[in-house]
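The values are calculated or read from the model by the stated rules, or taken from the named source; none is laboratory data. In this text the structure is predicted, and so the values were computed from the model without any measurement. Methodologically, a virtual Cβ is constructed for each residue, glycine included, from the backbone with ideal geometry; neighbour enumeration extends over all protein chains shown.
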């Protein structure tokens with residue numbers, strides 16, 4: 001137990017450091033991406049940090065197997081470089097016992113990953129979808145700030161409001177420039193001589209008051225403008241259409257970020273129930289199983305590749321070992337896409353990838369014995385006399 005606690009401490013400390021670094025890198029990329037969406041007006045700014053936080057368990061499910069693999073490489077590599085592992089093996093601790101200790105740690109980690117991938121992540125993705133649905137209704141008004149010119153709908157519209165109420169539903173002194181009069185839609189027309197369609201071109205609208213109107217049946221929202229003017233025409237030409245209106249409305253931006261894979265949001269129990277209805281369901285089930293299994297397989301690979309010559313340093317195997325892990329991950333992605341496209345049956349799934357790399361790990365663990373057997377076989381097939389050898 002003393003040795004187990006010592007090895008566990010070395011591996012877990014390194015695991016926390018490596019996973020934190022990898023997680024920080026991926027979260028930074030996500031933060032920049034969501035911040036770009038917020039700048040374009042697709043999501044409210046206040047939702048950015050919450051969306052990034054929701055992605056943490058999803059990223060941990062992907063990064064923990066890789067982090068554990070690198071942690072085993074670095075921790076055991078340092079023990080080999082400092083000759084601590086040599087002393088442990090000389091004092092009676094076998095290589096098999098070292099594998100058992102490492103796999104025991106990997107099993108605990110695999111259980112944690114399984115809990116996240118089978119239960120936590122689908123619930124969090126469902127919660128994310130609910131947030132995005134709510135943001136669909138509020139995005140157009142939540143991104144507005146009084147006293148500043150802002151772009152909406154990827155720059156198709158530029159809007160300015162002088163003031164907003166506390167609930168951000170009513171505005172005063174609104175100014176809007178749109179690329180085309182097709183984006184405007186008249187809701188009601190009272191006490192005005194509006195004649196839409198007299199000309200085409202960019203549209204400039206100013207209004208004394210504005211408020212938001214929702215149509216639940218169509219899942220649409222409109223900005224309703226009151227007591228203002230609309231100017232339609234091309235700059236440099238004289239055929240402008242100038243209209244005074246009492247009430248005018250245009251549809252707000254409805255585009256939001258949708259999850260790319262809807263099956264990721266389904267509970268695991270529902271995926272098992274509808275397993276045969278769609279190849280995407282089978283691919284998702286296999287993917288959720290693959291991450292916990294990968295932690296076990298990478299534990300074997302980590303022990304096999306961590307044995308190094310002390311003269312080479314503890315980072316000697318890091319580059320080739322990382323290349324092996326990247327190939328392993330890419331093959332899992334390829335297998336998932338193959339299941340989705342029905343090139344591979346969902347029953348066979350990704351198990352062949354795990355089997356190939358587990359076999360590779362066993363070969364690497366037994367490489368010294370295999371090499372000795374190979375030399376004896378060569379000597380038997382091609383015997384040499386002492387005189388020939390000299």
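Looking at this structure, is residue 19 within 16 Å of the chain's Cα centre (by Cα), in contact (Cβ under 8 Å) with a residue 40 or more places away in the chain, surrounded by 12 or more Cβ atoms within 10 Å (Cβ to Cβ) and under 17 Å from residue 105 (Cα atoms)? Criteria met by residue 19.
Would you please name the residue that is modelled with the highest pLDDT, looking only at residues in the range 46-56 that are surrounded by fewer than 15 Cβ atoms within 10 Å (Cβ to Cβ) and farther than 20 Å from residue 122 by Cβ? So the residue we want is 49.
The single condition among (1) under 14 Å from residue 302 (Cα atoms); (2) in contact (Cβ under 8 Å) with a residue 60 or more places away in the chain that residue 37 does not satisfy is (1). For residue 193, the criteria (1) out of contact with any strand residue (DSSP E or B) (no Cβ under 6 Å at 6 or more places or on another chain); (2) at pLDDT 80 or above hold in every case but one, which is (2). Are any of the residues in the range 339-346 within 21 Å of residue 70 (Cβ to Cβ) and without any contact (Cβ under 8 Å) to a residue 40 or more places away in the chain? Taking every residue of the range 339-346 in turn, none turns out to be within 21 Å of residue 70 (Cβ to Cβ) and without any contact (Cβ under 8 Å) to a residue 40 or more places away in the chain. Criterion applied to 60, 64 was being within 23 Å of residue 294 (Cα to Cα), out of contact with any helix residue (DSSP H, G or I) (no Cβ under 6 Å at 6 or more places or on another chain), modelled with pLDDT of 90 or more and buried (at least 18 other Cβ atoms within 10 Å of the Cβ), and the one residue passing it is 60. For the range 357-373, a residue qualifies if it is closer than 19 Å to residue 291 by Cα and surrounded by 13 or more Cβ atoms within 10 Å (Cβ to Cβ), and the qualifying residues are 357, 358, 360, 361. If the condition is being part of a strand (DSSP E or B) and modelled with pLDDT of 80 or more, then the range 117-159 contributes 149, 158, 159. Within the range 315-323, one or more residues are surrounded by fewer than 16 Cβ atoms within 10 Å (Cβ to Cβ), farther than 21 Å from residue 103 by Cα and touching a residue at least 12 places away in the same chain (Cβ under 8 Å).
Residues are listed down the side, and each one gets a yes or a no for (1) at pLDDT 80 or above; (2) outside any strand (DSSP E or B); (3) in contact with a helix residue (DSSP H, G or I) (Cβ under 6 Å, 6 or more places away or on another chain):
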| site | (1), (2), (3) |
| --- | --- |
| 161 | yes, no, no |
| 168 | no, yes, yes |
| 187 | no, yes, no |
| 222 | no, no, no |
| 227 | yes, no, no |
| 237 | no, yes, no |
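Scoring residue 200 on the criteria (1) touching a helix residue (DSSP H, G or I) at 6+ places or on another chain (Cβ under 9 Å); (2) crowded, with 16+ Cβ neighbours inside 10 Å; (3) modelled with pLDDT under 75 leaves a single failure, condition (2).
When you look at residue 72, is it in the same structural domain as residue 292 (by TED's automatic domain parsing), buried (at least 18 other Cβ atoms within 10 Å of the Cβ) and touching a residue at least 60 places away in the same chain (Cβ under 8 Å), yes or no? In short, yes. Among the candidates 339, 296, 327, the residue that is in the same structural domain as residue 69 (by TED's automatic domain parsing), buried (at least 21 other Cβ atoms within 10 Å of the Cβ) and in contact with a helix residue (DSSP H, G or I) (Cβ under 9 Å, 6 or more places away or on another chain) is uniquely 339. The residue that is surrounded by the most Cβ atoms within 10 Å (Cβ to Cβ), among those in the range 267-280 that are closer than 14 Å to residue 122 by Cα and in contact (Cβ under 8 Å) with a residue 60 or more places away in the chain, is 268.
For residue 108, are the conditions met, namely being at pLDDT 90 or above, in the same structural domain as residue 295 (by TED's automatic domain parsing), part of a helix (DSSP H, G or I) and under 17 Å from residue 56 (Cα atoms)? Taking the combined requirement at face value, the residue does not satisfy it.
The single condition from (1) farther than 21 Å from residue 117 by Cβ; (2) touching a helix residue (DSSP H, G or I) at 6+ places or on another chain (Cβ under 8 Å) that residue 368 fails is (2).
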